[in-house]
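Shown next, in structure tokens, is the structure this report addresses.
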2 protein chains.
Amino acid sequence: MNIGEISYTNIIPLYFYLDRERLMDQGATITQAVPSRVNALMEKQLVDIGGISSFSYGKNAHNYSLVPDLSVSSFGKVNSIFLFSKFKIEELDGKRIALTSSSETSVALLKIILDRFYGVEVAYKTETPNFEAMLNTYDACLLIGDDAISAYRKRGSYNVYDLGEIWYQQTGLPMIFAVMAYRNEMETEQGALLSYVGRSMIESKERCQRENFVPVIERAITEHGGTFQFWNSYFNGLNYQFSGEHEKGLNLYFQLAVECGLLKTMPSIIKYSYK
Amino acid sequence: MNIGEISYTNIIPLYFYLDRERLMDQGATITQAVPSRVNALMEKQLVDIGGISSFSYGKNAHNYSLVPDLSVSSFGKVNSIFLFSKFKIEELDGKRIALTSSSETSVALLKIILDRFYGVEVAYKTETPNFEAMLNTYDACLLIGDDAISAYRKRGSYNVYDLGEIWYQQTGLPMIFAVMAYRNEMETEQGALLSYVGRSMIESKERCQRENFVPVIERAITEHGGTFQFWNSYFNGLNYQFSGEHEKGLNLYFQLAVECGLLKTMPSIIKYSYK
């Protein structure tokens, strides 16, 4: 069993306290990569379980299931997925928007928001993320992650929209950015190890929460700089559960993605039942 | 490019200071696994560069080359590869020896030592490593790693032989246990990244040496327990270079393995030339 480990900060709590040596003694391997690569490796069956983007789960739901109780979500502001715009969001009809090439989930979220919530029709083009270059040529741009955070500091008089906040205001449901999924074959082929990995990730998350993310924050400061306060509000703004509300939120996201023609069929959300 | 990372302690210095985030931003992934799994993943082309056992390099040398200046070697005692025997080593002719299933390099080393240096002929059988069970049934047993270290404490009146020490006494050359190898395709397909990875590993090793392995020792204590003194002598007993002496040692090991019928053809040792 190959476990995919996303190298980004927001998902660290699910992996932080894994007993890697014990996992490897049981025959597991762990592959670290950027998010889009983990999605792709799992599609190619080179990764068997891992944190993948919600949109990637939606496209592959016939082959995947969820490890229960785990996600990367937000109830409201997520502070790292921003639309920067020269116009008010409701005035974007007929305008041109540059999309980051870094994320499918956020791109689909923006398209859902503009189409279903604001009824505006726009022309999209995918570009390498670059705040200034994008706004030289386009009326608005979508950025995520570090690109979004640094652009926010330079936002000047642009209108800035936090997509997690808009989603929550419009739906009353959390936005699920990533889920912990596994390829269905694992249940029959490596059920015992799958259970162990799932439980270990839940324990890791719960321990991080009990500790108020302090050791995780300390590692983030070492690796990325920034203040304790910044990372504290970062981790506390994210939610790592997968409750009934999360399932409703994810289902609505998929339903709207189907309505917008972004997904071909409505994905089923199947969760692992521990034996 | 997928980088194989062995989850064992002895090779940590080559990976300790890698800038994992920068590697991943350049498109690399890192897969952590036990040594035999890294060997196997590289044979299956699922890993492109990694620390592999010398014997695995010997079997695949037509497809692999070495990252220069890197190895896991010893000049003398290695303290974790022991033959425990009811008889003196020169009296083992006609006896039965249990081999650990954990290592090909050490198994070949034992066979070379007994055949070429002592001229004794013995019957071998591979068993799951278990000190007591092996010596209930056999005249001697080969153990490596943690199994060897814990058996050493229970050795009683058995004769104990350190294979690293015998090799050095008999040849005057270091014993090379692992090398840093890459699949030849990487040179043309991902030359720039290959150079960066190789240089980063050399820098990591050199920084660990400058720091007298103190941060590495601290991590080993956290992960495995044991005293500072134990891990200090462990890391200082190992050698991480690949000099002309190392090349001679590895060549002699391969030559004797061919003479003993353990390798079919004499492997060539090719090293990467930085452009």
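The values are calculated or read from the model by the stated rules, or taken from the named source; none is laboratory data. In this text, all values refer to a predicted model and were calculated from it rather than measured experimentally. Reconstructed Cβ throughout: ideal geometry from the backbone, glycine too, with neighbour counts over all protein chains shown.
Quick notes on this structure:
- Flag: A:Ile112 does not match the condition of being assigned by TED's automatic domain parsing to the domain that holds A:Tyr182, aliphatic (A, V, I, L, M), out of contact with any Phe, Trp or Tyr (no Cβ under 6 Å at 6 or more places or on another chain) and touching a residue at least 60 places away in the same chain (Cβ under 8 Å).
- Within the stretch B:24-67, being touching a residue at least 40 places away in the same chain (Cβ under 8 Å), of a type in the set (A, V, I, L, M) and part of a strand (DSSP E or B) holds for B:Ile49, B:Ile52, B:Leu66, B:Val67.
- Residue match in the stretch A:11-23 (condition: of a type outside the set (Phe, Trp, Tyr), within 11 Å of chain B (Cβ to nearest Cβ) and farther than 30 Å from B:Gly145 by Cβ): no
- Taking first residues from the stretch B:194-207 that are assigned by TED's automatic domain parsing to the domain that holds B:Glu21 and partners that are of a type in the set (Ser, Thr, Tyr) and surrounded by fewer than 16 Cβ atoms within 10 Å (Cβ to Cβ), the Cβ contacts under 9 Å between residues at least 6 apart in sequence or on separate chains come to B:Ser195/B:Tyr274; B:Gly198/B:Tyr274; B:Arg199/B:Tyr274.
- Every test in (1) in a loop (DSSP other than H, G, I, E, B); (2) within 11 Å of chain A (Cβ to nearest Cβ); (3) in contact with a Phe, Trp or Tyr (Cβ under 7 Å, 6 or more places away or on another chain) is passed by B:Glu5 save one, and that test is (1).
- Flag for A:Ser56 being under 30 Å from A:Ala140 (Cβ atoms), more than 10 Å from every other protein chain (Cβ to nearest Cβ), under 14 Å from the mean Cα position of the chain (by Cα) and at pLDDT 95 or above: yes
- Taken over the stretch A:145-169, the criterion of being surrounded by fewer than 19 Cβ atoms within 10 Å (Cβ to Cβ) and under 15 Å from the mean Cα position of the chain (by Cα) is satisfied by A:Gly145, A:Asp146, A:Glu165.
- Within the stretch B:150-209, the residues that satisfy the criterion of being of a type in the set (A, V, I, L, M), over 22 Å from B:Ile270 (Cα atoms) and at pLDDT 95 or above are B:Val160, B:Leu163, B:Ile166.
- Selection of the stretch B:216-275 for residues being β-branched (Val, Ile, Thr) and in a helix (DSSP H, G or I) yields B:Val216, B:Ile217, B:Ile221, B:Thr222, B:Val258.
- Filter result for B:Ser36 (crowded, with 21+ Cβ neighbours inside 10 Å and more than 10 Å from chain A (Cβ to nearest Cβ)): no
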